[in-house]
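Report on the structure given below.
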């Protein structure tokens, strides 16, 4: 079996095969989620459950996988920008709420950074881990850039961002419902500020306004986190 895997490894580690595997796994996840409507069957989670064991079994290093599928990471940026069109369609609902939106995202950014760093510090985490955790609530390209600048590990940060997004996407709507939050703007801000793109995908399922506001929150959260992390370095 090991000999067969070694012979097939050049094929498995090829760019075309890995991109096909990622896209195929994600489409399978989308199909399962639409058919079942089970919250735990999120497409990204299904994709992870397929790809991680595959990489482990075939012995393909994460760095190789990352390089061969880098086009998907690049497309994260344009996909976030594309949310601007959705926001444009809902611009009338944003007018008059600018101050409250900026204030909410600012508070969310401060709480997101300070809470995770203090919790990590309380458990004895080193500076590298804390620097990797601090930008967990922003979209991957921004989080990785901030982690590299502050001495964190980009690979760890990417993993934390995905975990944070998955958790927020899964339990965020439940928490908002239990708290009795009915404001569509508040829901969108909460999902986008805490769970970035994955939370926004879930917010779009709630409604067009929630999705648009969540997309706006991603951008503002990225800017504010980039500005606030240097001031929070003394916590490290």
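Which pairs have Cβ atoms under 6 Å, sit 6 or more apart or on different chains, and link a residue in the stretch 21-38 that is at positive phi to one that is exposed (fewer than 10 other Cβ atoms within 10 Å of the Cβ) and in a helix (DSSP H, G or I)?
none
Is there any pair linking a residue in the stretch 208-220 that is closer than 14 Å to residue 104 by Cβ to one that is outside any helix (DSSP H, G or I), with Cβ under 7 Å and at least six apart or on different chains, and which?
Note: pairs meeting the criteria are 218/139.
Going residue by residue through the stretch 86-100, is there one that turns out to be modelled with pLDDT under 85 and under 23 Å from residue 154 (Cβ atoms)?
Among the residues of the stretch 86-100, not one is modelled with pLDDT under 85 and under 23 Å from residue 154 (Cβ atoms), which makes the answer no.
Would you be able to say whether some residue in the stretch 104-114 is part of a helix (DSSP H, G or I), without any contact (Cβ under 8 Å) to a residue 40 or more places away in the chain and either outside the structural domain of residue 90 (by TED's automatic domain parsing) or farther than 19 Å from residue 73 by Cβ (or both)? So that I can check it myself, show each step before the final result.
Narrowing the stretch 104-114 to residues part of a helix (DSSP H, G or I): 104-114.
From what is left, the residues that are without any contact (Cβ under 8 Å) to a residue 40 or more places away in the chain are 107, 111.
With the extra rule that they be either outside the structural domain of residue 90 (by TED's automatic domain parsing) or farther than 19 Å from residue 73 by Cβ (or both), the set shrinks to 107, 111.
Within the stretch 104-114 (the criterion being part of a helix (DSSP H, G or I), without any contact (Cβ under 8 Å) to a residue 40 or more places away in the chain and either outside the structural domain of residue 90 (by TED's automatic domain parsing) or farther than 19 Å from residue 73 by Cβ (or both)), the answer is yes, since at least one residue qualifies.
Looking at this structure, is residue 222 touching a helix residue (DSSP H, G or I) at 6+ places or on another chain (Cβ under 8 Å), in the same structural domain as residue 142 (by TED's automatic domain parsing) and surrounded by fewer than 24 Cβ atoms within 10 Å (Cβ to Cβ)?
Working: touching a helix residue (DSSP H, G or I) at 6+ places or on another chain (Cβ under 8 Å): yes; in the same structural domain as residue 142 (by TED's automatic domain parsing): yes; surrounded by fewer than 24 Cβ atoms within 10 Å (Cβ to Cβ): yes.
Taking the combined requirement at face value, the residue satisfies it.
The values are calculated or read from the model by the stated rules, or taken from the named source; none is laboratory data. Please read all numbers here as calculations on a predicted model, not as lab measurements. Cβ sites come from the backbone with ideal geometry, for glycine too, and all protein chains shown count toward neighbours.
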